[in-house]
Amino acid sequence: MNYIKKLLKNDNIGYVFVLPALIYMAVFVGYPILSNIVLSLQDVTVRTINSPAKPFIGLNNYVELFQDGVLRTSIVNTFTFTVLCIIFQFTIGFALALVFNNKFSFAKPVRGLIMMPWMIPITITALMYKFMFSSNVGIINFILKSLHIIQQPVDWLTQPGTAMAALIITNVWIGIPFNMILISTGLTTIPDDIYESASIDGANRIQKFFRITVPMLKSTIASVLILGFIYTFKVFDLVYVMTNGGPVNSTQTLSTYSYKMSFDLFKYSQGATIANILFVILFIVSLLYLKIFFAEEGTK
Amino acid sequence: MKRFLVVILALVITVGLLAGCSGKQPSSKTDTGTSTPETDTSGSDKEPASEKKSLTLWYYWETIKHQETLDRVIKDFNSSQDKAEVTARYIPFADFKKVLSIGAAATELPDIVIIDSPDHAAYAAMGIFADLTDKLKDWDGLDQYYEGPINSCKLDGRLYGVPFGSNCLALFYNEDMLKEANCDVPTNWDELRDVAKKTTKDGVFGFAMCCLQNEEGTFNFMPWMWSTGTSSFEINNPNGIKALTFVKDLIEDGSMSKEVINWTQGDVMNQFISGNIAMMINGPWQVPTMREQAPDLNWNVALIPKDAQYASVLGGENFAVIKGDNEDAALEFVKFAADAEKLKSYIDDFGYIAARRDVAETQFTDDAIMKVFIDQLQYAQPRGPHERWPEISNAISLAVNEVITGASTPENAASKAQNTIDGIIGK
């Protein structure tokens with residue numbers, strides 16, 4: 001009894017308030033994760049999905065998948081896709097944020113319009129781009145041909161190399177507003193007088209950008225990059241609609257491969273295994289994010 | 001402690017962000033949860049014998065005409081007796097396998113399903129279908145079924161369903177385009193290649209067929225493989241390689257667009273009726289749409305050109321009864337719907353050919369196009385059947401895609417696919 005009193009007396013009471021959320025997380029998040037891990041250690045196929053005893057095969061699924069070339073391709077594809085998307089999204093988003101940070105007429109409505117790609121459901125964007133990238137009737141080939149940039153139509157979605165490029169272009173288009181809006185919010189937190197005093201000290205635009213804007217935005221930039229990474233890394237609908245992982249697995253990502261294993265090929269355990277690999281990678285990235293986040297907090 | 005909190009927080013953030021992706025599994029569980037009331041009612045009416053049993057049927061036809069016709073059959077059944085009441089639930093084709101698999105794991109299933117025939121064996125292996133071998137032993141319709149369709153309902157020699165209706169692929173051709181190029185309808189591969197080349201001109205491809213990297217792509221490639229005389233499970237032999245090479249030749253001649261790897265059968269049909277394609281491979285279910293949308297187009301249908309022998313691929317659906325308390329009532333519905341007289345009254349509206357001889361012979365007697373399909377059906381073979389057909393199919397459609405995109409030579413693609421297939425059937 002005394003112990004409980006002591007427990008409730010101090011700051012410890014906070015733990016009690018956290019409890020409902022923690023229980024919720026344990027049931028609705030913790031359980032699926034654990035059951036997914038268990039599933040990846042078993043051999044669950046059409047023959048065993050309904051039997052109570054599911055053969056436990058240890059890490060065999062992981063070993064088997066790592067020997068299979070498609071998993072390696074998917075990991076490489078997922079990273080290529082994510083890194084290239086982030087680079088372009090971030091650079092273009094940053095540039096646009098700087099432009100719209102200036103006060104000029106129509107800045108606000110135009111900024112609102114630029115948010116559009118972010119708000120369109122991804123399936124619709126994907127279908128739209130699928131038509132636009134079509135080899136024979138697509139508008140992109142038509143424009144490139146009219147400008148005499150290409151002579152022959154480019155087989156955007158039916159050639160291994162260009163299919164990935166097409167996906168990246170589409171996703172950059174979707175992701176720019178996200179980057180732009182977060183960075184412009186960050187920009188508004190920088191007081192104008194810092195720039196003023198810098199001007200008085202004779203700093204030019206480039207110096208102001210690298211010495212004031214970038215350092216002041218450090219934590220915003222870190223959040224944008226890491227959140228963007230996580231968001232892009234788990235891409236599913238875009239790839240599923242535009243290429244479904246093809247041609248010849250050249251755009252297969254971890255999420256689409258996991259789906260294909262589970263629901264096209266009925267290899268439930270291997271599907272779960274791929275999902276876990278995806279999870280582990282994102283978990284590491286999240287840890288990184290928190291480390292940066294807490295480091296920032298600590299210095300203040 | 002702080003470290004622990006950090007880990008928990010990290011978990012929370014990853015999971016929160018993953019919600020769109022990994023959330024799929026739990027969320028689809030709640031999806032099937034919506035069917036709980038239905039299964040509940042069917043479970044709770046065990047005691048009162050006078051009460052009607054309520055049965056659920058799952059299907060995936062998206063065409064309005066198909067849905068209306070199915071509703072009519074169900075209504076007839078419900079009013080014909082007072083023991084059971086069937087309700088149908090539509091599940092989109094893309095989600096059908098997923099919902100059924102999850103339903104199987106969570107034991108929340110309907111009582112009857114109408115399922116794509118190549119998947120039948122896999123679900124039978126899951127043990128969710130009732131074994132009908134003994135129950136249908138004395139049913140008089142059984143010997144009327146064509147061999148292909150009835151075999152697709154079997155696993156290890158036992159019967160797990162009854163064929164619903166069948167279709168198969170055939171060659172569609174644009175009569176005007178062939179006439180203009182001075183060509184006859186091709187009957188073998190050489191002629192087909194020649195006609196495809198001659199009909200290809202600015203903005204028109206001579207030939208097209210769906211080559212998606214999924215079951216639909218395999219479905220369209222199998223006739224070529226079988227035509228050489230090879231089986232579903234042997235691709236790495238001169239015949240299998242020949243079939244792959246033929247597809248490659250069509251692409252290299254410029255007679256077939258590389259975009260076929262992204263075209264569904266519906267897309268191929270749309271290109272055909274838009275006049276962008278002179279010949280295509282497609283199925284009878286497109287015929288009503290084509291007549292409606294392109295009434296002025298001059299087109300006709302012929303057997304798929306052959307290499308060593310005529311071949312086509314069998315498509316269609318089967319009825320299956322889910323294991324459980326409602327097995328017998330559900331089987332009554334299947335027998336009702338599959339009865340020869342009943343079948344005759346609705347199967348034409350589906351654009352399907354009945355899977356039983358006594359009905360098929362009376363169908364489409366004045367429809368020249370559908371007659372070709374009935375003719376083609378006798379050369380049609382089922383895919384597999386094998387409980388792991390989806391994996392085998394994936395290997396085959398991947399090989400076709402590798403050849404079309406030029407990622408592999410036909411020889412390499414065939415040997416890779418064969419390795420995968422051997423690993424599956426060897427087990």
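Observations, loosely collected:
- Fluctuation leader among B:ASP95, B:ASP253, B:ASP202 - chain B, Gaussian network, Cα springs under 10 angstrom: B:ASP202
- Note on B:LYS198: aspartates and glutamates with a C-alpha under 16 Å away, same-chain residues under 8 apart excluded, are B:GLU175, B:ASP176, B:GLU180, B:ASP184, B:ASP190, B:ASP249, B:GLU252, B:ASP253.
- Taking the C-alpha atoms only, the angle from helix B:93-105 to the longest principal axis of chain B is near 40 degrees.
- Whole-number percent relative contact order across chain A, with pairs defined as alpha carbons under 8 Å at least 6 apart: 27
- Angle between chain B longest axis and helix B:2-22 axis [Cα atoms, degrees, rounded to 10]: 60
- For the options A:THR158, A:THR232, A:THR78, a Gaussian network treatment of chain A with springs between C-alpha atoms closer than 10 Å singles out A:THR158 as fluctuating the most.
- Compared with the dominant principal axis of the Cα atoms in chain B, helix B:238-252 is inclined by about 70°.
- Contact order relative to length of chain B, as percent, for alpha carbon pairs under 8 angstrom and 6 or more apart: 23
- Using the Karplus relation 6.51 cos²θ - 1.76 cosθ + 1.60 with θ = phi - 60°, the per-residue 3J(HN,Hα) values for segment B:160-175 come to 10, x, 10, x, 8, x, 10, 8, 8, 9, 8, 8, 9, 9, 8, 4 Hz, with x marking Gly and Pro.
- For A:PHE266, distant residues with modelled amide H under 5 Å away: none
- Number of Lys-Lys pairs in segment A:69-299 with C-alpha atoms under 26 Å apart and a separation of 8 or more places or on different chains: 13.
- Amide H contacts under 5 Å for B:ALA380: B:SER312, restricted to partners 5 or more places along the chain or on a different chain, H placed in the peptide plane at 1.01 Å from N.
- Residues in segment B:336-351 carry Karplus couplings, in order, of 4, 6, 8, 4, 3, 5, 5, 4, 4, 6, 9, 5, 4, 5, 7, x Hz; the curve used is 6.51 cos²θ - 1.76 cosθ + 1.60 with θ = phi - 60°, and Gly or Pro positions show x.
- Over every Cα atom in the protein assembly as shown, the radius of gyration and the widest Cα-Cα span, Dmax, amount to 29.5, 101 Å.
- Equivalent ellipsoid of chain B: semi-axes from √(5λ) of the C-alpha gyration tensor, largest first, are 38, 30, 21 Å.
- Of all DSSP bridge pairs formed entirely within the protein assembly as shown, close to 65 percent run antiparallel.
- When its C-alpha radius of gyration is set against 2.2 N^0.38 Å (N residues), segment A:69-299 gives a value of 1.19.
- Less than 5 angstrom separates the built amide H of B:THR87 from those of B:LEU55, B:THR56, B:LEU57, all sequence-distant by 5 or more or on a different chain.
- Over 32 Å between alpha carbons, listed pairs B:LYS83/B:LYS137; B:LYS179/B:LYS416; B:LYS52/B:LYS97: B:LYS179/B:LYS416
- Ellipticity at 222 nm from helices only: DSSP H runs of n ≥ 4 in chain B, each -39500 (n - 2.57), divided by the residue count, give -15000 deg cm²/dmol.
- Taking only the C-alpha atoms of segment A:152-264, Rg followed by Dmax gives 20.4, 66 Å.
- Residue-wise HN-Hα coupling along segment A:192-208, computed from phi with Karplus coefficients 6.51, -1.76, 1.60 (Hz; x: Gly, Pro): 5, 5, 4, 5, 4, 5, 5, 4, 4, 6, x, 6, 8, 4, 5, 4, 4
- Most mobile of B:SER393, B:SER231, B:SER152 in a GNM of chain B (Cα contacts under 10 Å): B:SER231
Taken together, the values in this text are just the output of simple stated rules run on the coordinates, not laboratory data. Computed from a predicted model, the values in this text were never measured in an experiment.
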